[in-house]
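Q: There's a structure below that I have some questions on.
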Number of protein chains: 2
Amino acid sequence: MRLKTIKVVQYGLGPIGLGIVEVLLSRPWVQLVGAIDTDESKVGKDVGQLLGNPRKIGVTISDKAKDILRDASPDVVTHATSSYMKTIQPQIIEIIEHDASVVSTAEELSYPFVKYPELAREIDEKARNKKVKVLGTGVNPGFLLDTLAVALSGVCQKVNSIRAERVVDASRRRLPLQTKIGAGLSPEEFEQKVGQGTIKHVGLPESVGLIALAMGWKVGEIQERITPVITERSVGSDYIKVPAGSVAGVRQVAKGILAGEELVVLDLRMYLGAQNPHDSVLIDGVPPVDMIIRGGVQGDQATPAIIVNSLPKIGHLEPGLRTMLDMPPIAPCLNLTEGDRSVMLKTF
Amino acid sequence: MRLKTIKVVQYGLGPIGLGIVEVLLSRPWVQLVGAIDTDESKVGKDVGQLLGNPRKIGVTISDKAKDILRDASPDVVTHATSSYMKTIQPQIIEIIEHDASVVSTAEELSYPFVKYPELAREIDEKARNKKVKVLGTGVNPGFLLDTLAVALSGVCQKVNSIRAERVVDASRRRLPLQTKIGAGLSPEEFEQKVGQGTIKHVGLPESVGLIALAMGWKVGEIQERITPVITERSVGSDYIKVPAGSVAGVRQVAKGILAGEELVVLDLRMYLGAQNPHDSVLIDGVPPVDMIIRGGVQGDQATPAIIVNSLPKIGHLEPGLRTMLDMPPIAPCLNLTEGDRSVMLKTF
């Protein structure tokens with residue numbers, strides 16, 4: 001039985017990227033061979049100095065992606081720089097050109113075929129030519145409001161529609177998130193920021209697309225609407241106090257609609273003081289499926305997990321731009337031996 | 001965009017096999033090219049005569065598997081004859097020898113590597129040589145107490161243990177099931193039938209094996225225990241009345257244990273009058289996951305669904321004996337066009 005090792009470069013060292021590094025370092029089958037970030041205050045440091053428990057890892061942060069990719073020669077790059085296809089496209093292409101696969105948190109990459117068909121086609125072709133795999137994943141999009149809903153539909157003879165929800169109590173999350181969701185603003189300030197695009201979770205239309213693709217549904221439109229969650233009672237966190245009548249956070253709803261029928265409805269709420277946080281999927285089908293994850297999945301811990309857990313399985317993907325609909329189930333497997341499917345300890 | 005068609009032979013025409021036929025007939029991408037059963041009262045009939053809504057399908061039931069496999073030349077055989085590897089082994093080998101893949105409800109096939117390593121190895125080798133795929137699947141084992149639990153673990157950095165439950169109100173199910181679970185027996189009669197092996201759900205150790213395999217866990221033992229569910233109040237169904245103090249059904253618990261630690265615990269209860277039917281998965285991990293399917297998945301509808309929904313995806317499997325851990329998410333997709341991943345209707 002062979003123990004596999006995967007050589008990984010981490011590209012992007014913001015909070016999510018560093019979370020990914022922590023999980024990578026916990027996997028005996030990972031060899032971290034490089035770390036890329038353009039933030040000058042990070043370049044030149046050992047990546048371990050940026051971790052919660054600072055320590056020497058022996059990997060120096062560089063802003064020269066091309067050099068790192070060429071010299072470290074990773075099997076795969078775990079990528080967490082931006083949500084947006086236009087921003088990440090050149091980064092992904094450069095990685096592909098260095099014969100490495102990519103697993104990225106970029107939300108628009110999880111399902112780019114409606115918004116960016118040409119960019120998607122280019123990535124797909126180049127990756128196929130180089131025989132590497134490119135995958136956008138994460139908790140949302142990437143799992144809770146798409147892949148999990150599709151997986152649950154596997155027990156259905158027929159599905160009429162799918163509704164999925166995620167309600168997050170943002171008071172337990174980091175300050176940047178609490179600000180990003182508009183907590184503490186007046187309704188007018190909230191609308192202004194939505195107009196500017198500074199209050200927006202990226203990824204709901206992508207999740208709609210993944211579900212529709214899995215079902216074989218073609219839709220006439222994918223709608224998205226962002227509204228404030230106004231709190232009736234005063235709520236707060238360690239950082240922000242929100243009086244009654246002010247904005248506690250954001251609600252974003254995306255729908256896949258065909259001839260007036262809502263085939264897919266995805267409802268995301270992130271606000272301070274959410275009293276019943278959960279993730280749920282409701283399938284109107286034969287049979288119906290009514291699933292809830294009580295308390296919801298903790299996103300800060302889960303996002304790095306799903307990125308790293310994907311790594312052992314991307315070897316099984318066809319080359320090209322893939323999606324979570326191509327991936328087998330992933331798990332936090334600490335041992336990557338191959339060849340033995342018995343789970344019994346050998347006894348002699 | 002090409003519409004795929006898959007040529008299917010149904011092997012086994014008991015209640016589950018006929019349920020599979022119904023779902024196959026609902027799929028425009030299925031061409032049902034044969035039906036096999038050894039029951040003389042069925043042989044020679046049009047398979048449509050055995051359906052709930054009897055009708056002419058144009059497929060005649062045969063007991064000559066070899067002839068059907070040779071003449072109909074299916075791409076895949078949907079197989080539902082027996083739960084047991086020793087019974088199905090020659091049937092599977094015969095199908096492989098005719099260059100067809102297999103998707104089977106046989107519970108022991110879903111994870112045979114601990115109980116039947118040699119039979120599994122033989123099937124795996126032959127299938128690889130013939131470049132076909134063999135998959136055991138279903139609702140349980142195959143999804144609820146294994147694949148779904150593994151899929152949920154994908155959001156975890158680390159998992160300490162997994163507990164999954166299925167509670168079924170058997171009063172809503174067919175009489176044969178109600179009898180099979182021992183409803184109406186005295187506790188002594190129940191123990192006797194357990195000893196004889198006539199009261200037993202097949203598949204819990206297989207589900208333990210699948211979870212352990214996904215996690216990379218090796219266990220010292222896989223335990224299984226069958227006990228009666230004694231009802232404190234009188235319960236009943238259309239068929240069976242169970243007085244207080246008698247057996248309402250069965251509880252089966254399987255565990256994967258290492259050094260005294262219960263890494264996997266699977267708890268199945270099927271009894272008349274179950275007041276809170278559900279399917280649940282509880283992951284002790286970072287983060288934890290607490291999932292419940294309220295009401296539980298209706299097994300009679302779901303089992304044929306998951307068999308047929310698997311068909312479009314087996315093309316992506318490596319040849320050989322596979323498991324649900326190799327399968328991407330499956331869905332009740334009615335359209336099997338290839339090549340276009342946009343879900344938008346074309347507009348001109």
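Q: Could you tell me whether any residue of the range B:227-248 is open to solvent by 10 Å² or more (accessible area, probe 1.4 Å), at positive phi and free of Cβ contacts under 8 Å to residues at least 60 places away in the same chain?
A: yes
Q: Right, something else. Output the number of residues of the range B:148-161 satisfying the condition of being open to solvent by 10 Å² or more (accessible area, probe 1.4 Å) and within 12 Å of another protein chain (Cβ to nearest Cβ). Give the steps one after another, and end with the answer.
A: Filtering the range B:148-161 for residues open to solvent by 10 Å² or more (accessible area, probe 1.4 Å) gives B:151, B:157-161.
Keeping just the survivors that are within 12 Å of another protein chain (Cβ to nearest Cβ) gives B:151, B:157-160.
Matching residues across the range B:148-161 total 5.
Q: Can you tell me which condition A:D99 does not meet? The list is (1) modelled with pLDDT of 95 or more; (2) more than 10 Å from chain B (Cβ to nearest Cβ); (3) in a helix (DSSP H, G or I), and all the others hold.
A: (3)
Q: Need a quick list: helices (runs of 4 or more DSSP H) entirely within the range B:135-225 having at least 3 residues that are over 30 Å from B:P287 (Cα atoms) and acidic (D, E).
A: Values: elements: B:147-153, B:175-180, B:187-196, B:204-215.
Once the helices (runs of 4 or more DSSP H) in the range B:135-225 are filtered for at least 3 residues that are over 30 Å from B:P287 (Cα atoms) and acidic (D, E), what remains is B:187-196.
Q: Follow-up. Can you tell me which residue among B:I20, B:I16, B:I88 is assigned to a helix (DSSP H, G or I), open to solvent by 70 Å² or more (accessible area, probe 1.4 Å) and in contact with a helix residue (DSSP H, G or I) (Cβ under 8 Å, 6 or more places away or on another chain)? Steps first, please.
A: Working: B:I20 fails: open to solvent by 70 Å² or more (accessible area, probe 1.4 Å); B:I88 fails: open to solvent by 70 Å² or more (accessible area, probe 1.4 Å).
Among B:I20, B:I16, B:I88, only B:I16 is assigned to a helix (DSSP H, G or I), open to solvent by 70 Å² or more (accessible area, probe 1.4 Å) and in contact with a helix residue (DSSP H, G or I) (Cβ under 8 Å, 6 or more places away or on another chain).
Q: So which residues in the range B:23-36 are assigned to a helix (DSSP H, G or I), open to solvent by less than 10 Å² (accessible area, probe 1.4 Å) and without any contact (Cβ under 8 Å) to a residue 40 or more places away in the chain, if there are any at all? Walk me through it before giving the result.
A: Residues of the range B:23-36 assigned to a helix (DSSP H, G or I): B:23-25.
Pick out the ones that are also open to solvent by less than 10 Å² (accessible area, probe 1.4 Å) and you get B:23-24.
Once the filter is applied, which keeps residues that are assigned to a helix (DSSP H, G or I), open to solvent by less than 10 Å² (accessible area, probe 1.4 Å) and without any contact (Cβ under 8 Å) to a residue 40 or more places away in the chain, the range B:23-36 yields nothing.
Q: Is there a residue being aliphatic (A, V, I, L, M) and under 30 Å from B:L334 (Cα atoms) anywhere in the range A:225-248? Outline the logic, then answer.
A: Narrowing the range A:225-248 to residues aliphatic (A, V, I, L, M): A:226, A:229-230, A:235, A:240, A:242, A:244, A:247-248.
Next, from what is left, pick out any that are under 30 Å from B:L334 (Cα atoms): none.
Checked the range A:225-248: no residue is aliphatic (A, V, I, L, M) and under 30 Å from B:L334 (Cα atoms).
Q: Please pick out the residue among B:V286, B:V343, B:V264 that is buried (at least 16 other Cβ atoms within 10 Å of the Cβ) and under 30 Å from B:G182 (Cβ atoms). So that I can check it myself, show each step before the final result.
A: Values: B:V286 fails: under 30 Å from B:G182 (Cβ atoms); B:V343 fails: under 30 Å from B:G182 (Cβ atoms).
Selected residue: B:V264, the only one of B:V286, B:V343, B:V264 that is buried (at least 16 other Cβ atoms within 10 Å of the Cβ) and under 30 Å from B:G182 (Cβ atoms).
Q: What is the one condition in (1) at pLDDT 95 or above; (2) closer than 23 Å to A:P228 by Cβ; (3) open to solvent by 40 Å² or more (accessible area, probe 1.4 Å) that A:A164 does not satisfy?
A: (3)
Q: Moving on. Run down A:A305, A:A331 and say which single residue is in contact with a Ser or Thr (Cβ under 8 Å, 6 or more places away or on another chain), modelled with pLDDT of 95 or more and small (G, A, S).
A: The conditions single out A:A331.
Q: Check A:R70 against each of (1) assigned to a helix (DSSP H, G or I); (2) buried (at least 19 other Cβ atoms within 10 Å of the Cβ) and name the one condition it does not meet.
A: Result: A:R70 passes all but (2).
Q: Which ones in the range A:44-67 are under 25 Å from the mean Cα position of the chain (by Cα), within 17 Å of A:P15 (Cα to Cα) and either exposed (fewer than 12 other Cβ atoms within 10 Å of the Cβ) or among the aliphatic types (A, V, I, L, M) (or both)?
A: Once the filter is applied, which keeps residues that are under 25 Å from the mean Cα position of the chain (by Cα), within 17 Å of A:P15 (Cα to Cα) and either exposed (fewer than 12 other Cβ atoms within 10 Å of the Cβ) or among the aliphatic types (A, V, I, L, M) (or both), the range A:44-67 yields A:V47, A:L50, A:L51, A:G52, A:N53, A:I61.
Q: So, in the range B:313-335, how many residues would count as being surrounded by 15 or more Cβ atoms within 10 Å (Cβ to Cβ) and more than 7 Å from chain A (Cβ to nearest Cβ)?
A: Matching residues across the range B:313-335 total 10.
Q: Identify all residues within the range B:300-312 that are open to solvent by 10 Å² or more (accessible area, probe 1.4 Å), more than 7 Å from every other protein chain (Cβ to nearest Cβ) and under 16 Å from the mean Cα position of the chain (by Cα); write none if there are none.
A: B:D300, B:T303
Q: Now for a different question. Take the conditions within 13 Å of chain B (Cβ to nearest Cβ) and either more than 23 Å from the chain's Cα centre (by Cα) or touching a residue at least 12 places away in the same chain (Cβ under 8 Å) (or both) and apply them to A:V202. Does it pass?
A: Numbers: within 13 Å of chain B (Cβ to nearest Cβ): no; either more than 23 Å from the chain's Cα centre (by Cα) or touching a residue at least 12 places away in the same chain (Cβ under 8 Å) (or both): yes.
When the stated conditions are applied, A:V202 does not pass them.
Q: Here's a check for you: in the range A:337-348, which residue that is more than 7 Å from chain B (Cβ to nearest Cβ) and assigned to a loop (DSSP other than H, G, I, E, B) is modelled with the lowest pLDDT?
A: Pass one, the range A:337-348, residues more than 7 Å from chain B (Cβ to nearest Cβ): A:337-340, A:346-348.
Narrowing the set further to residues that are assigned to a loop (DSSP other than H, G, I, E, B) leaves A:339-340, A:346-348.
Working: A:G339: 76, A:D340: 84, A:K346: 75, A:T347: 58, A:F348: 43.
Among them, the one singled out is A:F348.
Q: Here are some residues: A:G249, A:G256, A:G315, A:G245. Which one is part of a strand (DSSP E or B), more than 28 Å from A:W217 (Cα to Cα) and out of contact with any His (no Cβ under 6 Å at 6 or more places or on another chain)?
A: Working: A:G256 fails: more than 28 Å from A:W217 (Cα to Cα); A:G315 fails: part of a strand (DSSP E or B); A:G245 fails: part of a strand (DSSP E or B).
Criteria check complete, one pass: A:G249.
Q: Name the residues in the range B:107-123 that are within 10 Å of another protein chain (Cβ to nearest Cβ), surrounded by 20 or more Cβ atoms within 10 Å (Cβ to Cβ) and not in a loop (DSSP other than H, G, I, E, B), would you?
A: Residue satisfying the conditions is B:A120 alone.
Q: Hey, any hits in the range B:268-285 for a residue that's within 8 Å of chain A (Cβ to nearest Cβ), closer than 20 Å to A:P287 by Cβ, out of contact with any strand residue (DSSP E or B) (no Cβ under 7 Å at 6 or more places or on another chain) and in a loop (DSSP other than H, G, I, E, B)?
A: no
The values are calculated or read from the model by the stated rules, or taken from the named source; none is laboratory data. Please read all numbers here as calculations on a predicted model, not as lab measurements. Heads up, the Cβs are rebuilt from the backbone with ideal geometry, glycines too, and the neighbour counts pull from every protein chain shown. To get the accessible areas, we keep the full protein, side chains included, count just its heavy atoms, and leave off ligands, DNA and RNA. Shrake-Rupley method; radii C 1.70, N 1.55, O 1.52, S 1.80 Å.
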